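Encoded as C-alpha cells, the structure appears first; notes follow it.
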Amino acid sequence: MPNVFQGLQGFSGFSGRTVFWLVQALSAISFSVQALALSPPPPIAIDKFAPPPDWRPPVISLNNASSQPIQLRTASVEVDLFGDQAQTRVELRLFNPNPRVLEGELQFPLQEGQVVTGFALDVNGRLRDAAAVPKAKGQEIFEDIRRRRVDPGLLEATAGNQYKLRVYPIPAQGERRVVITLNETLRRQQGAGVLRVPLAFASVVGQLQVRVRAHGASRQDVQLVQAPADAQLAASAAGTELHLQKSQWLAPQGPAGWLQMAVRHTGKPQVMVGESGGKPFFAAQMDFRDELVKRPTPSHIALVWDASASAAAQARVLPVLEAYFRKLDKAVKVSLLVVRNTPEPVRNFTVAPGRFGELADALRAEPFDGSSNFDKLPIPADADMTVMVTDGLTTDGKKTLNYLHTAPVIVINGTAAADTPRLARLADRTGGALVDATLVTAEAGAQAMRMHGWRIERLISLSAQKLVTPTTSVRQGRIALAGELLDTQARVDIALVHPDGRKRTLMLEVDARAAAGRWPGQQWAQWRSAELADNTALHSAELQRIAATHSIVGPNSSLIVLELASDYARYNLPAPPELADEVARLGQQQMAQATQTRQAHIEAMVKQFDNRQRWWDKDFPKDAPKRAEPKAEVHGAIGAMGAAAPAMAEAMASPAVRKSQAPMGAPVPAPAAPVAPAALSARMADVENRQAKNAPAAAPSPTISTIALQAWVPDAPYMKRLQDANKAELYRIYLDERTAYLSSSSFYMDAAGVFFDRGLPELGLRVLSNLAEMNLENRQLLRLYAYRLVQAKRNDLAIPVFERISELAPNEPQSWRDLGLALADNGEPQRAVNALWEVVSRPWNGRFAGINMIALAELNAIAAQATAAATTADMAPLDMSRIDSRLRRNLPLALRVVMAWDSDDTDIDMWVTDPNGEKASYANRLTRQGGAMSPDATGGYGPEEFSLKTAKAGKYAVEAQFYGHRQQVLSAGTTVMVRVTTGFGTPQARDAWTTLRLARGQETVRVAEVDVR
C-alpha cells in the first residue's frame, strides 16, 4: 500500500487528505475482497425434484400372485461423477423364498439420457460380464439354455426407457447377484449438474447402501438437495463423497424417495477421451448462451393426441397447453387428431387466447385405451405447426412415427415411461422442440413451445469422424457432441444458425489423455443409436453393430451372460477371459459341423415327405371294424398304427418326450357331452370360403360337411355385466370394469369378443389392441393379439404384428408359419410361400417336432392355389426356385384340424374321435380309416395336426386336453387356437376358427364337431 500512496501523492489534482481517504477506501475494498475469497460460494438454488406421478419403481415379476415374491436382500448403488457425466453401478441380491426354482424378471425404467452400458451376473460364485447380442438372438439363447437348467441372464430394452432383466435360475431358498451399469449426462439447473437417483423399490430392501463420489469437486461445490435422513456429505481425496446405509428400507412416496444432489459447474469445456471397440473416441460438452426469439404465431395447429393405454399418465400436459394458448396473441384453428390403434376422424376447434376450455374438455373426455399406431398421420395440409402429445411408445402397426408434413413438431411428453431420444429426434429434424412436462413447470413448457434459438447446422473436422450430437438445439445452456478420433489431437468446428439468419462457428479443441475407458465410446454409441431410432427396421444391422462393439443395450440389442464355454461357442458370442481358449477350440469344431446340418435336414424332410405321400396314396377302409382291434400303446411320438399299415408306422416315427415322464398317463376318453352348435362370429368362429387350390386328379371327392364349434364362454364375473349391457352403454361399462383387470389379457380378449358379437368391430379392435400395450414386446401377448385379428378378418392388421413377432423370435418356427398363413389369407402368396419355406427348410430345436411337415402341407396348398389363379388370370407365376422340387406336391384333405397355443414349454393334446368311435391322439397316430396325427408337441407352442384324406360319413369330435407344462415363469392359463378345415387344398376349402383357455391339469374341453355327409 505505501507504493500506491506515493503514486497518488505525486498525481496532479489530489490533496493529501483526498489521497488518505482513497487509501482507506482501497484498503477496505482489499480486505472485503480477501474476506469474499475466504467465504463459501452462495448456495445453488435448486428446487426439490417432484417425480412424475406415473414413475414406477423396479419390480420383480413372477406372473403368479399365489407365489411368494422374490425378495431384494441387498441393493448397492455407487455413482461416480465427472463434471456433468455420471456412471452408476447398481448391485442387487435376489432371494427366492419359494420351494421351487424360478425365473425372475426385473422390470425397471430409466431416466431421460440414461443408457445401460454394462451387466454382470454371478456364475459359480463370481461375477461374469455380459456380451452384446442381437435382441432376437438373445431371447432365443436365453430360453434355449434355460430349458437345459443352465445359468443364463438377459438384459434387454422393451420400448422407450423401459428395460427388463431376466435371470434363471433363482434357486429354491437361494439367491442370485446381478450388477447393472448406467451412464448419463446430468441435467443442468442454475449452473449446476443435478444428479437424481431413485431409491424406491417395489418391496422392502433388506440392506440399502449408497455411495456417490463427485471427483474433483470441493465440498463447497456440492449441495445435497434431497436425501433420506442420515445421508452424509464429506470431503475426500477424490473430491466430495456421500454415504448412506439403511436396513429394511422402504422408500417413502414422492421426492423423499429420491436422492438429489447438485454439483456446481466450472464453465470450462468438458472433454473425455477413451477407447472402445479398439478405436479412440471423445465426448465433449461446452457452455453456450442461447439467444431465444419468439416463433411466428401459427394460424393452424394440428394437435396429435396419443390416447393409447400407455399414455394414461399425461397429467401434466394440459397445464402446459393451457399456458401456451393463454399466451397466444390471436385465435388459432386447432385440428384434433386422436390416435390409438388407428387415427380417428379429425375434429376442428377455434381456440382464442385464454379460451382453452372447450378443447380441454374434449381432451379430458378421451379415454386412454388401446394401442398406439402412428403409421398414418393425416395432418391437414395447411397446418403450420404440429403439437404432438405422446410418450413415443408406438406399440402397434409398423411401430414408426410416420410424420411426413413439413410443419415443425412441438412434442410434449408427460409420462415417466417415454422414448425420449426418439421424440427429441422428431423435434430436431422438423425444427420443433421437445417439452418434457415431467421435468418443467407449465409456464416453462409453454415458453419452450413459443421460443426457439441457435441450432447446430453441421459439425466439421479433419481429424475426427462420425460426429454426432444428442440434439441440434442448445439445451440447458450447453452443446454436446462426440465422435471417433483419427489423431491424438483434433479440432471440431461447430456451425450454428439462428432463426434470424445469423451464423456462427464455435471451435472445440480435443487434446486429452485417453483416461476415460469405454465411457466416451459408449456415449457416442448412445447418441448415434438415437439418431437411427426413427426407423429401427431400416438401420437394424448398424444398430446391432454399434451395440456389439460398445456393449450397450438398445432397440435391437441386448446383453447376455452364459455359464458354459460350449454355449458361447454354439451361439458365436464373445467369450469371457476365463473361457476364451476353450471357446475358440469349440468354435472351430462347430463351424465344421454347421455346414452339413441344413443339407442333412433337407434330405430328412424329403424322406418324411415320401412317407407322407405313401400315406396319402393308400386307400384305407371306411367300413366299421368288425371287432375291436387291440392297439399297442407306444409311448413317444408313435401311436398304435394297426396291422394294416406297418409302413406308415415307420413313416410317422420321430423322437419325442415320453408321456410317462410327465404327470399324466395316456389320454382318457372325454365325457360324451353333446355339442351345441354355436353361431359363427368374428370373435369365436370365422368361417370363410377360401380361393381355389390346384388339386391333383387323385384328390378326394368333395363332401358336404358342417362345422359346429363349441362356444367357449368365460365364467369371469365381468362377462355377465358386459353381456347384459345395452349397446349404447357397453363401452362405458367396459371402462368401468377395466380398472380391476388392467393386467389381465383374458379380460381384453373376452371384452373384445363381446364388442365383435354386438356389431361394434371398431371398438372391438380398440379393446383387443390393449394386448400390445400390456407387457411391451411380449410375443405371447402379441401372438394372441394377431390370432384374434385373423379371426376378425383383419389380416391387414395382423400381418405387421406377425412381422414384429418374427423379429422378436426369428428362431421359433411358429413366428414364420403364422406370418405365412396370414399373408396367404391376405392375397400375398409369394411372401407366404417364402415365410413357410423358412419353417420347412430350417432344422429347428427338437421341441418343435412335426412343424416342418405341417408347414410343408400349407405351402403346397397355397402354391397350388396361386398357380391356378395365375393360369386363369394371366398373372406372373410364383417363384418356387428356392423350394426343393422333391417337396412340391399338393396333398388335399377332406378334413384337417390344427391346434396351437400361446404358452411356451406347454403340452396340450388334441384328440379327434371319428364315426367309428376311434380316437386319434398322440398314442394312436394312425386310425383304421387313415386319420393321421402329427408328432406329440410337448415342449413348444404346438401345433398338432390331424389329417384325413377321405372322410367317412358321420360326426367327428375334436377335443383338447391341458396335459401340463414345464415353465419356470408361472402363468395363469393357456389360450388354445383351433383351426378346422374341410376340403383343405381344394377349391371347396372352408375354415373355422375357435379360441378357448385351459388352466387346470387334465382339463378336457370339447372344441368342435364336424358332420360329414
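The values are calculated or read from the model by the stated rules, or taken from the named source; none is laboratory data. Small disclaimer: the values here were computed from a predicted structure and weren't measured. Cβ sites come from the backbone with ideal geometry, for glycine too, and all protein chains shown count toward neighbours. Keep in mind that these areas ignore ligands, DNA and RNA; they rest on the heavy atoms of the full protein, side chains included. Shrake-Rupley method; radii C 1.70, N 1.55, O 1.52, S 1.80 Å.
Rounded to the nearest Å, what's the spacing between the alpha carbon centres of segment 417-466 and segment 596-623? Just the number, please. Spelled out, the Cα-based centre of one part sits 61 Å from the other. Excluding ligands, DNA and RNA, the accessible surface per residue across segment 500-634 is 56 Å² with a 1.4 Å probe. Rounded, prolate or oblate: pick one for segment 296-452, where a ≥ b ≥ c are the square roots of the eigenvalues of its C-alpha gyration tensor, a/c under 1.5 means rounded, and failing that, prolate if a/b is larger than b/c, else oblate. Because its axes are fairly even, with a/c under 1.5, segment 296-452 counts as rounded.
Ligands, DNA and RNA left out, the 1.4 Å accessible surface of segment 59-262 is 47% carbon and sulfur atoms. 3J(HN,Hα) along segment 549-555: 5, 10, 6, 10, 9, x, x Hz, from the Karplus curve 6.51 cos²θ - 1.76 cosθ + 1.60 with θ = phi - 60°, whole Hz, x for Gly and Pro. Listed peptides 861-867, 871-877 appear in the order 861-867, 871-877 once ranked by packing, highest mean of other Cβ atoms within 10 Å at the front.
With K and R counted +1 and D and E -1, the other residues having a Cβ less than 10 Å from that of residue 175 yield a net charge of +3. Taking amide H positions as modeled 1.01 Å from N, with prolines and chain starts lacking one, no residue 5 or more places away or on another chain lies under 5 Å from residue 441. Ignoring lysines fewer than eight residues from residue 720 along the same chain, the ones with Cα atoms less than 27 angstrom from its Cα are 793. In summary, the aspartates and glutamates within cross-link reach of residue 333, defined as a Cα separation below 12 angstrom excluding same-chain residues under 8 places away, comprise 382, 384. Each Lys or Arg adds one and each Asp or Glu takes one away; over the other residues whose Cβ falls under 10 Å from the Cβ of residue 374, this sums to 0. Here's the list of aspartates and glutamates a cross-link from residue 949 could span, going by alpha-carbon distance under 12 Å and ignoring same-chain residues fewer than 8 apart: 617, 619. Measuring nothing but protein heavy atoms, the accessible surface of segment 474-607 at 1.4 Å probe radius is 50 percent carbon and sulfur. Near residue 565, once Lys and Arg are set to +1 and Asp and Glu to -1 for all other residues with Cβ below 10 Å from its Cβ, the sum equals -3. Here's how it looks for residue 930: its modeled amide H is under 5 Å from none belonging to a residue 5 or more places away or on a different chain.
Relative contact order of segment 296-452, taken over Cα pairs closer than 8 Å and 6 or more residues apart, is 27 percent. Surface analysis of segment 892-1012 yields an accessible area of 21 Å² per residue, using protein heavy atoms and a 1.4 Å probe. Applying the Karplus relation 6.51 cos²θ - 1.76 cosθ + 1.60 with θ = phi - 60° to segment 610-621 yields 3J(HN,Hα) values of 4, 4, 4, 5, 5, 4, 5, 6, 7, 8, 9, x Hz, where x marks Gly and Pro. Pairs from the list 137/164; 268/503; 626/952 with a Cα-Cα gap above 20 Å: 268/503.
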